[in-house]
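Working notes for the structure below.
The values are calculated or read from the model by the stated rules, or taken from the named source; none is laboratory data. Note that the coordinates shown come from a computational prediction; the quantities given were computed from them, not determined experimentally. Reconstructed Cβ throughout: ideal geometry from the backbone, glycine too, with neighbour counts over all protein chains shown.
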């Protein structure tokens, strides 16, 4: 393990150089903001771009990293702005206190809105955020005793030491730089990987141990905080706020800025914000011609989005990646340790009268079976017999209609997927569910970060992820994006991700599906090596050759009911099993 950790160290000097270069650019920008002569017009444009960019960073988190739609960012921007405006002019509070209160207020509303709506997702989430935006606008207009109505809040003071426009702009640039750095670092943290996993595939994220709902709410809250921060700075910069500045149209502007620059990068957020604010100024000379200004402005935005689907920064980064130096191949000498749930009871999984009904269809009908610790247990049956449904109920993707599930003696029947993973359940899918925008190492690292795992240190997690990739023979491709892998290699990465979490029981849903003959031989050998390490496997597969070569115990389902259970040789010779597969007991003759 020490060899792996030491091998990962060369990345860190590159990170330090990148941070140092970023710091130099920020200092230079602040120096220009303070010393360069500026007219009031240039100062206002710069303040608008800087404060808007802070709010757009929030959309980079919730939309770019987590994949959740937020069409109410202008509402959170307005909450921060009004907190700074009203807090100072009506309550006499300090600017910094008001700024923190605004961020807290935005975070509160964002968390409540997210907690109450993020289970919906899709267009429902978009509709709810639009409704919240419209409600807040109506409140700002009509709650006159507090918000002062359509007239807005004037004469908002700036903090001491930053009363001058140039110094306040320097402050805003420093805040934007710091927030951008945090968002940039967030991507490669445990939370950031969880967000990206949720964005790419929620089902896979859940069975990898990620609390999908909590991750979404956290992303929404972070986005709201950044919106409130940007709004508070905006209020101090322009000394005046009114409801029309925080309407639904502004939320669309924020979203367009995010998409224009690049939805998944803080650099893209800055580029998109700057362009969308500067383009109208560049086209100001056309305003004398009715309609021409808007036509050119709209066409420019549409063309950029159409021909640069990943945004401007995504387009630029794609070309820069061609010149990136190939990452060194790191060879790990640490062997993957599989505890297999430790020295528990003889039974790792017990299923009692398990049922799953879809209306009048009994997909699983009072099924009983026991998986003993160690070895391979196969669950087989004809198409439509309820095998995958059983696996989905076991892993928590479906809620059981009836019955009980015990994992290592613990009743997990009512637990959600991520909690079952924490309890020691790992699984793969028939249709491979990898996070295609992430590298093989990132995919497996998420599995190694399973809550409750004995591995918690960041270096140890990385070492275990590399060991899991080495175990399936793919460590040399650890830093490649899995979208470019062959089907067989993607299957191996999915198995490595499950192994990295050190489960007590590994559920494999038709791992041989789509593999050619040589890949199936490699899969068979891999399953034997996993079993030899003491990890219990439960496998579903239609390839009876694979099943008979790896499984010691077989349970057979037909029409949702168990028809046979026992050793492989006895079950395959059972007349009911022969009838289920061949149509009639005498067909075997």
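The figures follow:
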{"read-out": "All positions within region 198-223 that are under 18 Å from residue 491 (Cα atoms), assigned to a loop (DSSP other than H, G, I, E, B) and either touching a helix residue (DSSP H, G or I) at 6+ places or on another chain (Cβ under 9 Å) or modelled with pLDDT of 95 or more (or both)", "value": "208"}
{"read-out": "Every residue from region 223-244 that is surrounded by fewer than 20 Cβ atoms within 10 Å (Cβ to Cβ) and within 23 Å of residue 165 (Cβ to Cβ)", "value": "238, 239, 240"}
{"read-out": "Index of the failed condition, residue 167 passing every other in (1) part of a helix (DSSP H, G or I); (2) more than 20 Å from residue 110 (Cβ to Cβ); (3) free of Cβ contacts under 8 Å to residues at least 12 places away in the same chain", "value": "(3)"}
{"read-out": "Out of 156, 144, sole residue that is surrounded by 14 or more Cβ atoms within 10 Å (Cβ to Cβ), modelled with pLDDT of 90 or more and more than 38 Å from the chain's Cα centre (by Cα)", "value": "156"}
{"read-out": "Members of region 552-566 that are outside any strand (DSSP E or B) and under 23 Å from residue 363 (Cβ atoms)", "value": "559, 560"}
{"read-out": "Residue check, residue 496 closer than 19 Å to residue 201 by Cα and either modelled with pLDDT under 95 or within 24 Å of the chain's Cα centre (by Cα) (or both)", "value": "yes"}
{"read-out": "Filter result for residue 204 (crowded, with 23+ Cβ neighbours inside 10 Å, closer than 25 Å to residue 114 by Cα and within 14 Å of the chain's Cα centre (by Cα))", "value": "yes"}
{"read-out": "Scan of region 409-443 for residues that are in a helix (DSSP H, G or I) and over 12 Å from residue 200 (Cβ atoms), ordered by number", "value": "417, 418, 419, 420, 421, 422, 423, 440, 441"}
{"read-out": "Some residue of region 117-133 being in a helix (DSSP H, G or I), more than 23 Å from residue 61 (Cβ to Cβ), touching a residue at least 40 places away in the same chain (Cβ under 8 Å) and out of contact with any strand residue (DSSP E or B) (no Cβ under 7 Å at 6 or more places or on another chain)", "value": "no"}
{"read-out": "Unmet requirement for residue 357, which otherwise passes all of (1) assigned by TED's automatic domain parsing to the domain that holds residue 550; (2) surrounded by 20 or more Cβ atoms within 10 Å (Cβ to Cβ)", "value": "(2)"}
{"read-out": "Residue list for region 492-519, filter: buried (at least 20 other Cβ atoms within 10 Å of the Cβ) and assigned to a helix (DSSP H, G or I)", "value": "492, 493, 494, 495, 496, 497, 498, 499, 500"}
{"read-out": "Checklist (1) in contact with a helix residue (DSSP H, G or I) (Cβ under 6 Å, 6 or more places away or on another chain); (2) modelled with pLDDT under 90 applied to residue 247, failing item", "value": "(2)"}
{"read-out": "Residues of region 533-547 classified as within 10 Å of residue 376 (Cα to Cα) and either in a helix (DSSP H, G or I) or outside the structural domain of residue 382 (by TED's automatic domain parsing) (or both), total", "value": "1"}
{"read-out": "Verdict on residue 75 being in a helix (DSSP H, G or I), under 17 Å from residue 135 (Cβ atoms) and at pLDDT 90 or above", "value": "yes"}
